Every structure is written in C-alpha cells, then in structure tokens.
2 protein chains.
Amino acid sequence: MTDPGRRRPATIEDVAIRAGVSRAAVSKVMRNAYGVSDAMRERVNAAMAELNYRPRIAARAMRGQTYTIGVEIPDLGNQFLTRVVDGALAALSGTAYQLIIAPAEAGTREGLKAIEALVDRAVDGVLAVSPRVDPWVLERAVGGIPVVMLGRHDNDANYDTVVGDDAAGTRSVMAHLFGLGHRRIAHLTIDEASTENRSAHGIRLRTYLEEMTLAGFANDIRVIRTGEGQAAGSAAIRAALDDDPTFTAVFGGHDELAIGALRAVAESSAHIAVAGYDDVPIASHPALGLTTVRQPGAEMGARAIELLLERMNGRDRAAHVAFTPELVVRTSTFPPG
Amino acid sequence: MTDPGRRRPATIEDVAIRAGVSRAAVSKVMRNAYGVSDAMRERVNAAMAELNYRPRIAARAMRGQTYTIGVEIPDLGNQFLTRVVDGALAALSGTAYQLIIAPAEAGTREGLKAIEALVDRAVDGVLAVSPRVDPWVLERAVGGIPVVMLGRHDNDANYDTVVGDDAAGTRSVMAHLFGLGHRRIAHLTIDEASTENRSAHGIRLRTYLEEMTLAGFANDIRVIRTGEGQAAGSAAIRAALDDDPTFTAVFGGHDELAIGALRAVAESSAHIAVAGYDDVPIASHPALGLTTVRQPGAEMGARAIELLLERMNGRDRAAHVAFTPELVVRTSTFPPG
DNA sequence: ATGAAAGCGCTAACAG
DNA sequence: CTGTTAGCGCTTTCAT
C-alpha cells in the first residue's frame, strides 16, 4: 500500500509510458537531440508537463552532463567577487546551465577543497578564484574538465584565465599617491601563500615593490600582511599604527582591506591616505570616498563563463583575456554641506 | 590504446581490487558502517590513498545520500546573508557535509528556481532564505527532503524555521526614532510579493504601520518600495526626495537598503535620519554610523544547520527558533578629530 | 524515426 | 565479518 499523498517523483520511465514511447525518445526530446518527429516531441512534452517531470541530475551525471557550472569562491564577503558571480549568473541566464557556488572554508587548504567538492559533484565546468591553489595541483584536481581561473596571470597554463592588468592598475595607484607627495606608502595585503605566485595579489605586491624602488623609496617599503575581510584589514592597520606609525599612505590589495584600513585610520587621530583596488559599490559612498582602481567585475565574470562554454564546446587551446583597470580618484565628502 | 597520461579516475571497484576485497567492503569503510575488521579497514584506506580515490557523488545520489547541503540565497551582495552562510559553513565544518549555494537569479520567480535546482541535484537538505516562495509551493518543490526557512514566521509550517523577533526589533527602532522627535518616518522596503506574507520584511512592514498608527502618526505613513541592494535603495530615496521630501527619517527594511538611503541623503542637502536592520559589518564604520538592529547572522545560520541535521537524523516535528534582536544606536563620527 | 539493452559507480539487502 | 547481487534514473550505441 503506497501512500497516495506523497507519490514518488516521476522518472523518465513514467514519462515514456504516459507518452507511449521509449525512454530513449524522452531523453532525446529533453536534450533536443537528432531524430524526433514533431508529433512525438509534442506528446512527450505534454507528458512531462502533466507529470511535472524533472530529470534527476545525478542520473544524468552517470552518463553525460550535469548542466551545472561550479564557482569556487574564497570570501563571500568580498563585494568584488559578488559582482563577478552576478556577471557569471547573467551570462548563464537563458542557457540550460545552473550555477552553484562552493565557498572555500576559511582555513584548510583554501579553495582546493571547494574545487574538489565541485568536481566530485560532476560539474561540467569550474570557475575558480582562489589565488593559493597551485596550478599543478589544480589541473590534477579537476581532471579533464574545463576550468577558468580568475585573477591568475598564468599565461602558459592549460586552463583559461581572466585577469585585470594588475601591474598597470597598481602603477596608476602608486603614481597617484606619489603625486600627492607620499613616499612612506605601506602595502596591506593577504598571506604569503596568496602572493608568492602569479596571482593578482602577487602582481600587485611586486609592482608596489618595484614602483617604490624605482621612485627611490626602497627604504620606505612596508608590507603589512593580514587575513581576508574588512575586520582583518582594520586590525592589521590598527596594530601597525600602534607599532610604528611612520607611513603616510596605505595601498590596500583590494577594497575590503582598504575599507578596513580606512576604518582604523578614522578611529585613530592619524592623517593617512588610503587607496584600494576593485571599486566595490560601497567605495563610492560619499562618506568613504575611497580612491581605488575600477575593475569590471560583472564583465569579467561573464567573460569567464563564455570561455568556459567555449571550452565545453571543444576549443582546445587555452585562452587568456585581460581587462584594463581604471584609476578612480575620490575624496571623502562627509559630512555634506 | 589508452592515453597513459590521463588515466580515468579510480572507482570503488579499483579500490576493491587493489585492496583485495569486495566493493561492499569499501563502501562500508567509507561510511564507517557496521561490520568491518580493523585489518580490512586499514587495507582499504591504504588502497584509497594510493589510488587517490574520490567517491563520485552522483553515483551515491542514486542510492543514498550526497552529503551536500544546499543554500538558496536571494542576494549575494547582502552582507547579512553572507554572515548567515558563514555560520552555516562553520556548523558544517568537521562533518562529512559540503555546502553549496544556489543564488537566485534576480527576476524570474525568485528563489524557487534555485531551490528546484538544488533538489534536482539531490541535496540532503535545503536552507532557504527567499521571502517570496509560497509555503505550499515550497513543500511541493522539495518533496520530502528537510528544509529550514530563514526569516519566515510560519510557525504552523511543516518545515523548520529560524527567525529574529522582527516585531520587537522594529518596535525598538520606531521607539528610538520617536524618541528623537521624528513623526514623518518613511519605511523603505522591497517589493509587495516579499512583504505580503509572514516573511521578515512583511512583519517589519506591518509593525511599522502599527507603530505609526499607535503613535498617532497614521497620516505620516509612507512606504517606499524598491529592489534589492544599495543601489536600488539609493535610487528610491533619491526619487522620494525629489518627489516629496516631507519625511524626516527613513527606516530601511534592512541595512543594504538603509545604506543606500544614507547615500542618497548624504548626496543631497537634506537632513534626514536613517535606521536599518541587521547590523552588517560596514554599518559600524565610523563614517556611516548607521543605527540598526543587530541580528546574530552567524548564529542563525549555524542553528539552521543544526536543525537540518536533526531533521535528517529523524526528528519529525517541525521546530521553530527565534533570536532576540538588539537595537544599536550610532551616529556618524566622520571626519575624526 | 524509434526502441531495446547495456552500463555509469555506488549502496543496500541478503547470503554465507 | 565478508562477498554477491540487484538496482537507482539516466544516456547512448546499435538495431530495426
């Protein structure tokens, strides 16, 4: 005696029976594969609708695709990444693909675990953001499935990449700060593991070092390390101010860090300029007025998805696309009037 | 001739052969099910390590669990939700479960589609946030799998709920604004579909209406509708100021909206108080100094996960837990000194 | 244009 | 304690 109240969801077999055709036929209609008459298509579609049929992705995964794109993200709180995902979402809109996000659990092996989770779940493609995953390890983890890495300048890699021109962006910030008369400029960035390679943060750090040196301020170089998020950035600058407040400006590796710095500065009596990177939405709030480098996050996310879809459709050479950043100079205009 | 460079990933069968046992034995070891000798466990674990074996979730899904919890989110940019997810992530840390997020594509049927995508992917449980999904539709969509809805005051529902006391929180904001002498208080909230039911935003709206009426300011009631996000909130208040700037305070349905309002106010010459809800991290930034109602997002997310796990382990009665919010009064202290 | 049948990698009875 | 076996719901040759 089966419970009539909660029937088992319909399977492809139920649909086939209802439509009076074979399972194979239903499968073909779903994927609009070659070789189905209009009459059959109609009957099958009707049956699917009547039974409220939804294909089980897991079963599909056993034979073919899952129509799922996985995005790995190191920090959900980072508004730049949020924009990237929004762009990716928009690019996927109207396609048969669904986007799912695996957030990297802060701490353990950062990102790799999330990427593996995605691969275990048989996604058709991966958009990865974590700066710390070693290229070799990455390729091994994903096996053969298409990947695009955002923010990695690995132009020799087997995977696609989408980046901003971090060297140019950093140079524009440094030039701006130099122009304001700053020399003792500190750089607030994340952990070593994230900057020792060709990641965005690695490039920004090295460009900072170069520019300081070229400008003759090598002795004023100061790199402050911290974790992800505004709170971490804030704490790091607070500590730096307590410790040795000789710097007059802070260049934050990204806006979340810069906003944290801004907060530490605002809470102290120090008079210190802060610049960031990314131009997250809040950066332009008049009370913050954060000078930063604009990166078109949504476009970058959308482009990444396009690359992924291309790869899934057979392109075999890796592609590498770069976006041009743009310095945005602001000053806090608070309070108004 | 197989390509020796890219071997097919190991299956449970490969492990079984390597360890000289049956597939069932391997399966048992993985799930540490009853009835495995230490010797066998050791050999199997060794074989798994040697072959770098990773179980395919899709295959598991066909028979049992996927060890995956799905989170549906209406707005990735909302920092309160980010905290909720962080809490959920923390609660899941150390368990065998992986968290994945399905972002609701702004627009179409908001949320439902994302929840369905999760169910199609055979998650073991769902944490849903969207305020607009009809309870009946929701239960039908998820079939039998455990769900917890965050922010829905559906105490009669068959699913678990986690909420803040939105009526109390709203009353505290209103009392605060009244105490400051405000009467013409506008309420900035999201679309009708999200407030017509027992969602958090619905409760906040109705409590606002009640309090205004009780205070004798029924004629000053003004409800301003907008979309999700700071930009939307900002645009709505900008338009309201152009249109009819008679209000002296704005109560934002959540901090993202309130911060948008703050921005519109700062950019105008108006002198208008703004209060929000949630206490997102940036709200306490001294340059913003947003008065708001603190909700313990991380704890709420963690609790939601606990409820889910309980349900997955057999609890059959729905549970409903509420958290107490706390008014946080702030003023902008920018510029410093 | 359509259908029959094999099989993807796992788990869950059930036998031994 | 251990192994055998029967599927889960799909996609995909391969016949017809």
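The values are calculated or read from the model by the stated rules, or taken from the named source; none is laboratory data. Everything numeric here is computed off the predicted structure, so don't read it as measured data. Backbone-built Cβ (ideal geometry, glycine too); neighbour counts: all protein chains shown.
Kindly provide the set of residues from segment B:78-94 that are within 16 Å of B:Asp279 (Cα to Cα) and either more than 8 Å from chain A (Cβ to nearest Cβ) or buried (at least 22 other Cβ atoms within 10 Å of the Cβ) (or both), ordered by number. Spell out the reasoning first.
From segment B:78-94, those within 16 Å of B:Asp279 (Cα to Cα) are B:78-87; that's our starting set.
Hits for segment B:78-94 are B:Asn78, B:Gln79, B:Phe80, B:Leu81, B:Thr82, B:Arg83, B:Val84, B:Val85, B:Gly87.
Taking the condition of being in contact with a strand residue (DSSP E or B) (Cβ under 8 Å, 6 or more places away or on another chain) and closer than 21 Å to B:Ala58 by Cα, how many residues in segment A:140-161 meet it? Show your work before the answer.
Residues of segment A:140-161 that are in contact with a strand residue (DSSP E or B) (Cβ under 8 Å, 6 or more places away or on another chain), as a first pass: A:142, A:145-155, A:157, A:159-161.
When the remaining residues are screened for being closer than 21 Å to B:Ala58 by Cα, the result is A:142, A:145-147.
Qualifying residue count, segment A:140-161: 4.
Residues of segment B:37-96 being charged (D, E, K, R) and within 22 Å of A:Pro74 (Cα to Cα), which ones?
Those that are charged (D, E, K, R) and within 22 Å of A:Pro74 (Cα to Cα): B:Glu72, B:Asp75, B:Arg83, B:Asp86.
Give segment B:22-35 a look and list any residue that's buried (at least 18 other Cβ atoms within 10 Å of the Cβ) and either more than 17 Å from B:Arg63 (Cα to Cα) or within 6 Å of DNA strand D (Cβ to nearest atom) (or both), or say none.
B:Ala25, the sole residue that qualifies.
I want to confirm something. Restricting to segment B:44-83 and keeping residues that are under 18 Å from B:Val123 (Cβ atoms) and in contact with a Phe, Trp or Tyr (Cβ under 8 Å, 6 or more places away or on another chain), which single residue is nearest to DNA strand D (Cβ to nearest atom)?
By that ranking, first place goes to B:Arg60.
Among the numbered conditions (1) surrounded by 18 or more Cβ atoms within 10 Å (Cβ to Cβ); (2) within 14 Å of chain A (Cβ to nearest Cβ), tell me where B:Glu139 comes up short.
It fails just one condition, (1).
Tell me, which strands (runs of 3 or more DSSP E) lie completely within segment A:244-337 with 3 or more residues that are over 16 Å from A:Asn78 (Cα atoms)?
Qualifying strands (runs of 3 or more DSSP E): A:249-252, A:273-275, A:320-323, A:326-328.
Considering segment B:142-176 alone, what residues qualify as being basic (Lys, Arg) and closer than 15 Å to B:Ile115 by Cβ?
Just the residues of segment B:142-176 that are basic (Lys, Arg), to begin with: B:152, B:171.
If the condition is that a residue be basic (Lys, Arg) and closer than 15 Å to B:Ile115 by Cβ, then B:Arg152 is the only one that fits.
Among the residues of segment A:1-8, is any aliphatic (A, V, I, L, M) and either within 16 Å of DNA strand C (Cβ to nearest atom) or within 40 Å of the chain's Cα centre (by Cα) (or both)?
For segment A:1-8, residues aliphatic (A, V, I, L, M) and either within 16 Å of DNA strand C (Cβ to nearest atom) or within 40 Å of the chain's Cα centre (by Cα) (or both): absent.
Within segment B:119-147, which residues are under 14 Å from B:Leu99 (Cα atoms) and in contact with an Asp or Glu (Cβ under 6 Å, 6 or more places away or on another chain)?
If the condition is that a residue be under 14 Å from B:Leu99 (Cα atoms) and in contact with an Asp or Glu (Cβ under 6 Å, 6 or more places away or on another chain), then B:Ala128 is the only one that fits.
Keeping to segment A:90-130, report how many residues are without any contact (Cβ under 8 Å) to a residue 12 or more places away in the chain and under 24 Å from A:Gly314 (Cβ atoms).
2
Please pick out the residue among B:Asp154, B:Asp165 that is among the acidic types (Asp, Glu) and at pLDDT below 95.
Of the residues listed, the single one that is among the acidic types (Asp, Glu) and at pLDDT below 95 is B:Asp154.
Only one of B:Asn52, B:Asn45 is closer than 29 Å to B:Ile101 by Cα, more than 11 Å from DNA strand C (Cβ to nearest atom) and modelled with pLDDT of 90 or more; which?
B:Asn52
Quick check, is A:Arg41 part of a helix (DSSP H, G or I), within 16 Å of DNA strand D (Cβ to nearest atom), of a type outside the set (A, V, I, L, M, F, W, C) and within 14 Å of chain B (Cβ to nearest Cβ)?
Spelling it out, it is not the case that A:Arg41 is part of a helix (DSSP H, G or I), within 16 Å of DNA strand D (Cβ to nearest atom), of a type outside the set (A, V, I, L, M, F, W, C) and within 14 Å of chain B (Cβ to nearest Cβ).
Exactly one of (1) charged (D, E, K, R); (2) within 14 Å of DNA strand D (Cβ to nearest atom); (3) facing chain A (nearest Cβ under 9 Å) is unmet by B:Arg18. Its number?
(3)
Contact list please: Cβ distance under 8 Å, first residue in segment A:20-41 and under 22 Å from A:Ala96 (Cα atoms), second residue loosely packed, with under 14 Cβ neighbours inside 10 Å and hydroxyl-bearing (Ser, Thr, Tyr), pairs at least six apart or on different chains.
Between residues of segment A:20-41 that are under 22 Å from A:Ala96 (Cα atoms) and residues that are loosely packed, with under 14 Cβ neighbours inside 10 Å and hydroxyl-bearing (Ser, Thr, Tyr), the close pairs are A:Lys28/A:Tyr34.
In segment B:30-37, is there at least one residue being away from DNA strand C (no atom under 16 Å from the Cβ) and either β-branched (Val, Ile, Thr) or not assigned by TED's automatic domain parsing to the domain that holds B:Gly252 (or both)? Break it down into steps so the answer makes sense when it comes.
The initial filter retains those residues of segment B:30-37 that are away from DNA strand C (no atom under 16 Å from the Cβ), namely none.
Within segment B:30-37, none of the residues are away from DNA strand C (no atom under 16 Å from the Cβ) and either β-branched (Val, Ile, Thr) or not assigned by TED's automatic domain parsing to the domain that holds B:Gly252 (or both).
Filter segment B:44-57 down to the residues that are within 14 Å of chain A (Cβ to nearest Cβ) and surrounded by fewer than 17 Cβ atoms within 10 Å (Cβ to Cβ), then identify the one that is nearest to A:Ile115 (Cα to Cα).
Ranking the candidates gives B:Arg54 first.
Of the residues B:Arg132, B:Arg60, only one is among the basic types (Lys, Arg), away from chain A (no Cβ under 11 Å) and touching a Ser or Thr at 6+ places or on another chain (Cβ under 7 Å); which?
Working: B:Arg60 fails: away from chain A (no Cβ under 11 Å).
B:Arg132 is the lone residue from the list that is among the basic types (Lys, Arg), away from chain A (no Cβ under 11 Å) and touching a Ser or Thr at 6+ places or on another chain (Cβ under 7 Å).
Quick one: how many residues across segment A:285-315 are modelled with pLDDT of 95 or more and within 14 Å of chain B (Cβ to nearest Cβ)?
6
Could you check, for segment A:230-238, whether at least one of its residues is in a loop (DSSP other than H, G, I, E, B), surrounded by 16 or more Cβ atoms within 10 Å (Cβ to Cβ), out of contact with any Cys (no Cβ under 7 Å at 6 or more places or on another chain) and small (Gly, Ala, Ser)?
Within segment A:230-238 (the criterion being in a loop (DSSP other than H, G, I, E, B), surrounded by 16 or more Cβ atoms within 10 Å (Cβ to Cβ), out of contact with any Cys (no Cβ under 7 Å at 6 or more places or on another chain) and small (Gly, Ala, Ser)), the answer is no, since none of the residues qualifies.
Go through (1) in contact with an Asp or Glu (Cβ under 8 Å, 6 or more places away or on another chain); (2) within 11 Å of chain A (Cβ to nearest Cβ); (3) not small (Gly, Ala, Ser) for B:Pro74 and report which single condition fails.
Looking at each condition in turn, B:Pro74 falls short on (2).
If you scan segment A:316-337, which residues turn out to be within 14 Å of another protein chain (Cβ to nearest Cβ) and over 26 Å from A:Arg171 (Cα atoms)?
Within segment A:316-337, A:Asp316, A:Phe334, A:Pro335, A:Pro336, A:Gly337 qualify.
If the requirement is being crowded, with 16+ Cβ neighbours inside 10 Å and in contact (Cβ under 8 Å) with a residue 12 or more places away in the chain, which of these qualifies: B:Arg263, B:Arg183?
Only one candidate passes the filter, namely B:Arg263.
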